[in-house]
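Each reported figure results from applying straightforward, stated rules to the coordinates on display, with no laboratory input. Note that this is a predicted model, so its numbers are computed, not measured. No Cβ is skipped: glycine too gets one built from the backbone with ideal geometry, and neighbour counts run over all protein chains shown.
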Amino acid sequence: MFVLKHIVTFYILWIISSAFGDQEKESHLGDVVKRTLIATAHVCMDHINATVTDLEYLREEPPYPEKSACIVKCLLEKIGVVKSNKYSKIGFMAAVTPLVFTNKKKLEHMKTVSENCDREVNHKHETPCQLGNEVTTCIFKYAPELHFKA
């Protein structure tokens, strides 16, 4: 579980760095990370009995169907952005800070995203995995560069 958490964290950090980094250097890394994402997503998929079709929805804009939202919630829990069934601004900042701390403007932008989502994410859900949709909708609203659509 410890290794899996770090793999997922690595993937999320790579997505963030690709939004801010040099695209030429990332093609090989992108392939490795994509495979890692798929493997990690499969762990979450097995946990909730989801299919590959449920995973495909994640290339689109949220809100996602329930099982897809459950995959997202599972992944967000693995990296600490969701803790105790709530959005964690501290967890979000822990995930993004290592990649943006050298750029004060980007770091401030991520702090703003974190604060905005802390105020806006609704923690009263009709379904168990709705938090996956709430968090991703908010993050993509304020930081669309973090959406991994490819």
Quiz item: Based on the alpha-carbon gyration tensor of region 86-130, what equivalent-ellipsoid semi-axes (square roots of 5 times the eigenvalues) come out, in whole Å, largest first?
Solution: 25, 10, 6
Self-check item: Exposure proxy order (Cβ contacts within 10 Å, fewest to most) of Lys73, Lys111, Lys86
Solution: Lys86, Lys111, Lys73
Practice problem: Would you kindly derive the ³J(HN,Hα) couplings of region 72-87 from the backbone phi angles with the Karplus curve 6.51 cos²θ - 1.76 cosθ + 1.60 (θ = phi - 60°), listing them in order in whole Hz, with x for Gly and Pro? | Solution: 4, 4, 4, 5, 5, 5, 5, 9, x, 6, 10, 9, 6, 6, 9, 5
Quiz prompt | Residues Thr136, Thr127, Thr97, sorted so that the one with the fewest Cβ neighbours within 10 Å comes first | solution = Thr127, Thr97, Thr136
Quiz item: Of Lys106/Lys141; Lys111/Lys141; Lys104/Lys124; Lys83/Lys124; Lys73/Lys141, which ones are farther than 25 Å apart at the Cα?
Solution: Lys104/Lys124
